[in-house]
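The values are calculated or read from the model by the stated rules, or taken from the named source; none is laboratory data. What you see is a predicted model; the values in this text were computed from it and never measured. When we count neighbours, we look across all protein chains shown, and the Cβ atoms used for this are built from the backbone with ideal geometry, even at glycine. Protein only, heavy atoms only, side chains kept; ligands, DNA and RNA dropped before computing areas. Shrake-Rupley method; radii C 1.70, N 1.55, O 1.52, S 1.80 Å.
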4 protein chains.
Amino acid sequence: MNIKIRMGMIGGSLDGFIGSVHRMAAALDGKIELVCGAFSSDSNRSIETGNSLYLPADRIYASYEEMILKEAQLPSNVRMQFVSIVTPNFLHANPAALALQHGFHVLCEKPLALSLDEAIKLEKLAKQTCLLFGVTHNYTSYPMVKEARQLIQSGKLGKLRKVIVEYPQGWLAEPIESDGQKQASWRTNPKQAGISCCVGDIGTHAAHLAEYVTDLTIQELSADISTFVDGRLLDDDVNMLLRFEKGVKGLLIATQIAHGEANELKIRVYGESGGIEWLQSNPNFLHIKQNDKPEQILQAGTNHSYLSEQTRLHCRIPAGHPEGYIESMANLYRNFSIAVDSFENKKSINPLFDFPTIEDGVRGMKFIETAISSGKQNAKWLSL
Amino acid sequence: MNIKIRMGMIGGSLDGFIGSVHRMAAALDGKIELVCGAFSSDSNRSIETGNSLYLPADRIYASYEEMILKEAQLPSNVRMQFVSIVTPNFLHANPAALALQHGFHVLCEKPLALSLDEAIKLEKLAKQTCLLFGVTHNYTSYPMVKEARQLIQSGKLGKLRKVIVEYPQGWLAEPIESDGQKQASWRTNPKQAGISCCVGDIGTHAAHLAEYVTDLTIQELSADISTFVDGRLLDDDVNMLLRFEKGVKGLLIATQIAHGEANELKIRVYGESGGIEWLQSNPNFLHIKQNDKPEQILQAGTNHSYLSEQTRLHCRIPAGHPEGYIESMANLYRNFSIAVDSFENKKSINPLFDFPTIEDGVRGMKFIETAISSGKQNAKWLSL
Amino acid sequence: MNIKIRMGMIGGSLDGFIGSVHRMAAALDGKIELVCGAFSSDSNRSIETGNSLYLPADRIYASYEEMILKEAQLPSNVRMQFVSIVTPNFLHANPAALALQHGFHVLCEKPLALSLDEAIKLEKLAKQTCLLFGVTHNYTSYPMVKEARQLIQSGKLGKLRKVIVEYPQGWLAEPIESDGQKQASWRTNPKQAGISCCVGDIGTHAAHLAEYVTDLTIQELSADISTFVDGRLLDDDVNMLLRFEKGVKGLLIATQIAHGEANELKIRVYGESGGIEWLQSNPNFLHIKQNDKPEQILQAGTNHSYLSEQTRLHCRIPAGHPEGYIESMANLYRNFSIAVDSFENKKSINPLFDFPTIEDGVRGMKFIETAISSGKQNAKWLSL
Amino acid sequence: MNIKIRMGMIGGSLDGFIGSVHRMAAALDGKIELVCGAFSSDSNRSIETGNSLYLPADRIYASYEEMILKEAQLPSNVRMQFVSIVTPNFLHANPAALALQHGFHVLCEKPLALSLDEAIKLEKLAKQTCLLFGVTHNYTSYPMVKEARQLIQSGKLGKLRKVIVEYPQGWLAEPIESDGQKQASWRTNPKQAGISCCVGDIGTHAAHLAEYVTDLTIQELSADISTFVDGRLLDDDVNMLLRFEKGVKGLLIATQIAHGEANELKIRVYGESGGIEWLQSNPNFLHIKQNDKPEQILQAGTNHSYLSEQTRLHCRIPAGHPEGYIESMANLYRNFSIAVDSFENKKSINPLFDFPTIEDGVRGMKFIETAISSGKQNAKWLSL
């Protein structure tokens, strides 16, 4: 008999935003079941959250340590198979390590850790355990991002030359952390967020997107980093020059003070024979541009045979029925759960169901530390 | 202890498209559990589908009759509470009636029935039983459609004057029903679809949207109806003049032969002091236009305090994280499940969680019959 | 030695809007020289206008009759070669007739006359004189409208099926004619505008565009005509069903009460193998849509070799340097002046430099009368 | 009696592109008359061009020196009043200097000279002569660019924080200079273009736009400069970090190898209370963005009373009738000709009719030299 993949969750209490996004994403395709959780360091809040999710009382835990230890003692066909970690940054590495040590696969929010050192240690541990470790850079799970990568790999754009990736947001344009806005408070608090707010929170998404789509690594960067809001302890804006391998030049913009911008992650890539453009806020379209040819707009949809197989595997419905952010996250969960299932049943995995791994997570941490360091040295070029 | 609302499904086997949309929509918010199903008139296919959905064998039924009768005998805290009917048109009314007769609430795909007579009988039955009956005109469950309605009710546009609603699709531009394409086959087959393909399948969505947004009824219509594809048995295109109450004029376009159009449902409404525009394929935005003022673009998102309370209650995440078609359907399921819960627990329902009811379904059937009749009389004006 | 084509102007005093548009359009390409004018029935205003245009005093006339008679007596290499008539509707036919009778080519604003009868008489006269007669349906002079027509003629869309043409404006949403707004006053005054405001002023543009792009004639129409603004003497809104030759169905919307819409003329045409879309307010782009293919966006520009020869001949600059409304009117003037030059020098004309003629003007009048008549008979189908 | 402002032209023969743009722009508003020209260093081509423009033979010159000397001897009410220089870069400074020395106002294409030194000398000369000197950074003459500047000066965005200006083109993605494409040949030839292609040709437009709109000067820059096309002698791509006065950070992208991009100059500016966005290829719209408010789209048009007075003075027609690139250049010519008229008639000039001056030209040269120098030092920060 088929059974769903069993998931536990660390973090994600009711009063947050990201927990419910992860739960919706996990639930969407009906292949994953939330079986337990330690939703908050406040045990009452954890219980309240678990109740609202219809969890049995004995699978709602007061701490992640308790959850991992107790779940590990449950029968193998009952206990959670993987844990999803959706806590603030400072609570990523320890729960992840403990879960690995007790035999659980891990799906962890980005950035992976508070520091590169911490991340590297975690990576070592993960490799020792041979368990699966996913990182929720969900933007690369959109179907048209897959299509962009496929197109580039197919040679459609020729040899690449230039990448422009930008991630403007406006929500931190004012010091809302002073008013106790929860999302803002921990993200601008070095103890909870680490050395960076803007670069860590959204710059890493942009960098991951750029490397994923082009299949090229950033080799050097020069980052001009700013904190515009008075009294803020971490960065809220960055302009960055990039140099990728193979002579590709680039540019990364990430900002949280771009008034009125919601979540406008966008990438443009140009090669010797064409360019592409994708915008997260209108995610079902991919633009192809070529000199002296009409611009083409590719549209996501299960029914579009002109899309790559991988792209179609990341769509659920025909074109014109827009899929969005939750569906992109659900793609990541779906792919990770396929991997868990394959791992446990010793099946080979179709590489089309890819997801970001701990290596991406470590690279993200390296990106953050390098960018912040460059910023402190007046945008000095540093290797990545 | 909270428990999820229990749903059964009629229709929606694996090889279709709409069943999985409904299941994703029902699953998204974690408040509804699929507990049983009669997914196909082919019992093997029903079992196969039920298995893939992890249902226990004894809750997978070979026919809807069996399901309704057996579920009715289960303990009240085990049996399904409502049934979702996602079959082709000719299999709407009978299962719905049987479900009502056995005490189950019904959520039914549109159009409600094969004929207006059938629909009216069903409506009578529903009223006798006092059970809940929803119809899945899901497009009116988008947050920015709620916003449009709220804006108009608030008087933002002044007295209304003109409505333009259009629903262009291109997927039936060629006779794909001849190639056995499943969706096309039953929709163009009078025995399974009823008297109309285009008007019934998408024209009704457009009409429902227009009446919902304006809170005005269409009083008269003049429909020029065409079948462009040779050999097709039902209509695939309609141009329609509309006259609403209170002197409002309108126009409805629905077509399935508009090559290259995916699912471009769009509405524009103009009043004495402004106009609005909403497009389903970019659903998170609502445009307000006024002479000698900048156009305004309202964006969906839980964080936008300028939106109406109802609009925000139909968003899940902050602006810039696009929600789409599945989320709109999930809104309908969420609202219906709230009503079921309120009904069974004798709680009052917040009217902000509205959904289309059997009255909308009957009106849809009246619209179809009137339009087709007008078309047969050279676009004669007929009352609705 | 080359010399410019010499133009006279009737109407177009400084306090209007359209006169200066025509003068800019005529001046743009440097091939036409304004040599005289009777700019207003108020002779002081005519003089004032002529002075501001640097015309010599003896070429500024107090009336169109004076201008035509006196110019006719000037040496053939001095007198105007054609007259541009930019007066309100009631002052089109008489000046045009007088000009023809005195040997001048005529370029006349639309609609051609106050009535179809008047128009037909003028057409007869024009045919007798064999002189050139252009009508300024300038929207069909945009390069991407030429491209649309060329694409359709090339068979790109296959056999045509459906046309949707719309022309929403909002500027007459309020009774601004009561405030003496000049443009509104004459357009809503039956003595100056004729039997129609909306249909005559913008509906004719939409109809001309539809027939030009498709190369098909409208054979029947059913028009629902409204006057929304209290006290207004003519129509300000129309919804119209169309039937073209060859079984093509269509729909025409023209409105002047669509609050907040500037000048949103738009056409969509669908055939058996594709569709096109063009929008006047973003005129340098033409969209091609086809099932299961990426949408294509063609862009105007002299450098785009994928455009038809005719299209490129109606562009002045490379892509990305937007051309607009004045340039479209300038294309019409350029083409008309080429025809004048060819006529006078007995050269053959390149048919790529086409322009609307008096036949289009007569057809426009027929369209107006038919539509208004249909409207008065409750949108009865009438032949055109 | 009013008379037109008399213009001579240096460069702009028929086989180029930019000459005709300038002539159309000068002709559009009917206030400037082309009276003479030295259109090419090839005297036959100059004559041929002059003939085609209907110039009398004695006002068509074989060289700019001849033109300036001979025109200076004509009566003051006959000779040209200003000269428009539309030659390649290496032929800007000398003709400009000679014109100034003979008492003619100068309107010169950018970049102003081959080097900063040359530009500074020219500036000194211009100041000595007290004559008018305009530079054709025409993009800042678009009405909605004026509006952007006005909005920022009015405080709408609050204290500024961040500027993103970009200018992607694709036309030099391939080595078309090898095929003798005229525009490409001189722009990539150091003898004719100076030390830069991309920065000089379009980077300067972007920098001018950024400084004009914000009214802030760039104080430091760090430029990563590339030549992607093999064998090309000058740069074809730049990514640049900017630091403006008052702590504003910025970013400038200019590229000629962005395949498929036509001429996508775009600026975004963010301040403490809002942001704006303008795109040259859709130039009649200006977007205002603010957190938790609907995005607003301002539209150009003489009839929009919400626009600033200066903005409306740079529109010719009501909203919805798009104006474009030629009209922007015509605004610059119009403003310059008003200044010439005011100068010669000792009238004061309305500052709303502004245009870029030789100081902007010198600043542009400084920008080019600084950027290229930074690029040669691995994107070292340099003061500007």
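Just tell me, in residue order, which DSSP H segments of chain C are both 18 angstrom or longer along the helix axis (alpha-carbon based) and at least -1.0 in mean Kyte-Doolittle hydropathy. Taking the DSSP H segments of chain C (at least 18 Å long, mean hydropathy at least -1.0), we get C:116-129, C:325-344, C:358-376. Put a plus charge on the Cβ of each Lys and Arg, a minus charge on the Cβ of each Asp and Glu, and nothing anywhere else: the dipole of the range A:47-155 about its Cα centre is then about 360 debye.
Could you run the numbers on buried accessible area between B and A, total for both chains, 1.4 angstrom probe, in Å² to the nearest 100? When B and A are taken together, about 2800 Å² of accessible area is lost.
Its Cα gyration tensor gives chain D an equivalent ellipsoid, and the semi-axes of that ellipsoid, as √(5λ) in whole Å with the largest first, are 33, 26, 19.
Taking every protein chain into account, the accessible area of the protein assembly as shown amounts to 33 square angstrom per residue (probe 1.4 Å). The Rg/Rh ratio of the range B:207-275, with Rg taken over Cα atoms and Rh as the Kirkwood radius over Cα pairs, comes to 1.03. For the pair the range D:235-262 and the range D:1-72, the centres of their Cα atoms are 35 angstrom apart. Surface composition of the range C:149-209: carbon and sulfur atoms hold 50% of the protein heavy-atom accessible area at a 1.4 Å probe. Of all DSSP-defined beta bridges confined to chain B, some 60% are antiparallel rather than parallel.
Cα convex hull, the range B:3-90: 88 Å³ per residue, rounded to a whole number. Working note: Cα gyration tensor of the range B:50-136, eigenvalues times five, square-rooted, sorted largest first, giving semi-axes of 23, 15, 10 Å. Take each residue in C:27-40, count the other chain C-beta atoms within 10 Å of its C-beta, and the mean is 2.
Please give me the summed charge of the neighbours of D:L122: other residues whose Cβ is under 14 Å from its Cβ, Lys and Arg +1, Asp and Glu -1. Residues near D:L122 contribute 0 overall. Altogether, the Stokes-Einstein calculation at 10 °C and 1.306 mPa s, with the Kirkwood radius of the range D:170-292 over Cα pairs as Rh, returns a diffusion coefficient of 101 µm²/s.
Count Lys and Arg as plus one, Asp and Glu as minus one, and take only other residues whose Cβ is under 11 Å from that of B:L132; the net charge is then -2. The mean number of Cβ atoms from other chains found within 10 Å of a Cβ in peptide D:293-304 is 6, as a whole number.
At a Förster distance of 30 Å, what's the computed FRET efficiency of A:N51 paired with A:Q73, Cβ-Cβ distance as r, to 0.05? Efficiency, from the Cβ-Cβ distance: 0.85. Note on the protein assembly as shown: Rg/Rh from Cα positions, Kirkwood definition for Rh, rounded to two decimals, is 0.99.
For chain D, the relative contact order is 19 percent, taking Cα pairs closer than 8 Å that sit 6 or more residues apart in sequence and dividing their mean separation by the residue count.
Contact residues in the range B:162-189 (at least 50 Å² less accessible area with all protein chains than alone, 1.4 Å probe): B:K162.
With 10 Å² as the minimum drop in accessible area between chain alone and full protein complex (1.4 Å probe), the qualifying residues in the range B:312-333 are B:R316, B:I317, B:P318, B:A319, B:G320, B:H321, B:P322, B:G324, B:Y325, B:I326, B:E327. Give the shape of the range B:252-308 as rounded, prolate or oblate, defined through the alpha-carbon gyration tensor: a ≥ b ≥ c are the square roots of its eigenvalues, a/c under 1.5 means rounded, and otherwise the shape is prolate if a/b is larger than b/c and oblate if not. Taking the square roots of the gyration eigenvalues as a ≥ b ≥ c, the range B:252-308 is oblate.
Ligands, DNA and RNA left out, the accessible area of the range C:235-336 computed with a 1.4 Å probe is 44% carbon and sulfur. Normalised size of the range B:147-215, defined as Cα radius of gyration per 2.2 N^0.38 Å with N residues, equals 1.52.
First select every other residue whose beta carbon is under 13 angstrom from the beta carbon of C:I5; then total the charges, Lys and Arg +1, Asp and Glu -1. In short, +1. Averaging the sequence gap over all C-alpha pairs within less than 8 Å and six or more residues apart, then dividing by the number of residues, gives the range D:1-143 a relative contact order of 20 percent. With Cα atoms defining each centre, the range C:275-304 and the range D:326-384 are spaced 36 Å apart in the structure.
Kirkwood hydrodynamic radius computed over the range C:266-384 comes to 17.4 Å, based on all pairs of distinct alpha carbons. Per-residue shielding of D:210-222, expressed as the average number of other chain Cβ atoms within 10 Å of the residue Cβ, stands at 1.
Output the pairs from C:K182/C:K266; A:K162/D:K380; C:K4/D:K4; B:K4/B:K347; A:K124/A:K146 with a Cα-Cα distance over 22 Å in this structure; if there are none, say none. Checking Cα-Cα distances, C:K182/C:K266; A:K124/A:K146 exceed 22 Å. In loop segments of the range C:135-214 as defined by DSSP, the trypsin sites (Lys or Arg not before Pro) with at most 12 further C-beta atoms inside 10 Å of their C-beta are C:K159.
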